[in-house]
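S.K.: Sharing a structure with you now.
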Amino acid sequence: IMREMVVSGEVDHLVPERVWQELAKGLMEATPSRMFAVLRDCGALARLLPEVDRLWGVAQRADYHPEVDTGIHVMMVLDMSARLQAPLPVRLACLCHDLGKGTTPVDILPRHLGHEQRSATLLQHLCQRLRVPTVCRELAEVVAREHSNIHRASGLSAAALVRLLERCDALRKPDRFSQILLACECDARGRLGYFDSSYPQGPHLQAALAAARSIDTAQIAAHAMAGGAKGTQIAEIMHAARVAAVASALTLPQNA
């Protein structure tokens, strides 16, 4: 019956809100990958989520991804999110973080240069089409754009860490940042042989965030204004104070 719905075009006329509602239910199951296996088998995934469907058969570097196939990896990441009891926004981020790999030019495979921004762009189109709630879309967009940088966080200078925190809006939204880190942990552990691995980047970035948020912004701003600083100058002074605090707390060089 499902295959007939696909062939007849009935699946193409499903109301976007209903598609999202059913997708959200499936994402929150104990093994979300089962839903996607069924949708692929009947041909519906290519109609409903072509950005996800095209990931199968796309190779990745085996030294980073022993499972090689991008579609398999994404399903492993998604099931890891269920194992870690992640909320819906994190699970959507896990599903969509590597969408850009489906559009990587064949001649550069298995490398995926610039796939992060392509993933973020494809995600925006997907969310607009299905009318995905803003809270889910915004978190997934940050994960798509920044997950590679977060994975490399342990090797970043204090200045680079603060810039990363600012791009993630972690200073204003620390709870959402925790969810971003959880999605990245699922990505790192959703690989063949890495299921039970630790993710030290999470605690490292949480420590950096705590240090960056520990500065007395009101006092620094008042002192800067007393010295004649205005607008962007105050923002630059605040940024420098955060960099110094992170460098001190984590014993890092301020720049590298």
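The values are calculated or read from the model by the stated rules, or taken from the named source; none is laboratory data. Given the structure is predicted, the values throughout are model-derived calculations rather than measurements. Neighbour counts are summed over all protein chains in view; Cβ atoms, including those assigned to glycine, are modelled from backbone coordinates with ideal geometry. These accessible areas exclude ligands, DNA and RNA; they are computed on the full protein's heavy atoms, side chains included. Shrake-Rupley method; radii C 1.70, N 1.55, O 1.52, S 1.80 Å.
S.K.: Name the single residue, out of those in the range 31-50 being open to solvent by less than 10 Å² (accessible area, probe 1.4 Å) and under 19 Å from the mean Cα position of the chain (by Cα), that is farthest from Met80 (Cα to Cα).
M.R.: Leu49
S.K.: Just the residues that are surrounded by 16 or more Cβ atoms within 10 Å (Cβ to Cβ) and without any contact (Cβ under 8 Å) to a residue 40 or more places away in the chain, please, taken from the range 149-162.
M.R.: Asn149 - this is the single residue of the range 149-162 that is surrounded by 16 or more Cβ atoms within 10 Å (Cβ to Cβ) and without any contact (Cβ under 8 Å) to a residue 40 or more places away in the chain.
S.K.: Still on this model: What are the residue pairs meeting all of these: first residue in the range 88-116, first residue closer than 16 Å to Ile150 by Cβ, second residue open to solvent by 20 Å² or more (accessible area, probe 1.4 Å) and aromatic (Phe, Trp, Tyr), Cβ atoms under 8 Å, and 6 or more apart or on different chains?
M.R.: Pairs found: none.
S.K.: To continue, here is another question. Can Leu84 be described as under 16 Å from the mean Cα position of the chain (by Cα), more than 17 Å from Ser178 (Cα to Cα) and touching a residue at least 24 places away in the same chain (Cβ under 8 Å)? Talk me through it step by step, then tell me what you get.
M.R.: Values: under 16 Å from the mean Cα position of the chain (by Cα): yes; more than 17 Å from Ser178 (Cα to Cα): no; touching a residue at least 24 places away in the same chain (Cβ under 8 Å): yes.
No.
S.K.: Further, regarding this structure: Let me spell it out: the conditions are (1) out of contact with any helix residue (DSSP H, G or I) (no Cβ under 6 Å at 6 or more places or on another chain); (2) over 23 Å from Arg189 (Cα atoms); (3) buried (at least 20 other Cβ atoms within 10 Å of the Cβ), and Gln124 meets all of them except one. Which number is the exception?
M.R.: (3)
S.K.: Sticking with this structure for a sec: Name the residue that is nearest to Ser178 (Cα to Cα), counting only residues in the range 63-81 that are buried (at least 18 other Cβ atoms within 10 Å of the Cβ) and hydroxyl-bearing (Ser, Thr, Tyr).
M.R.: Ser81
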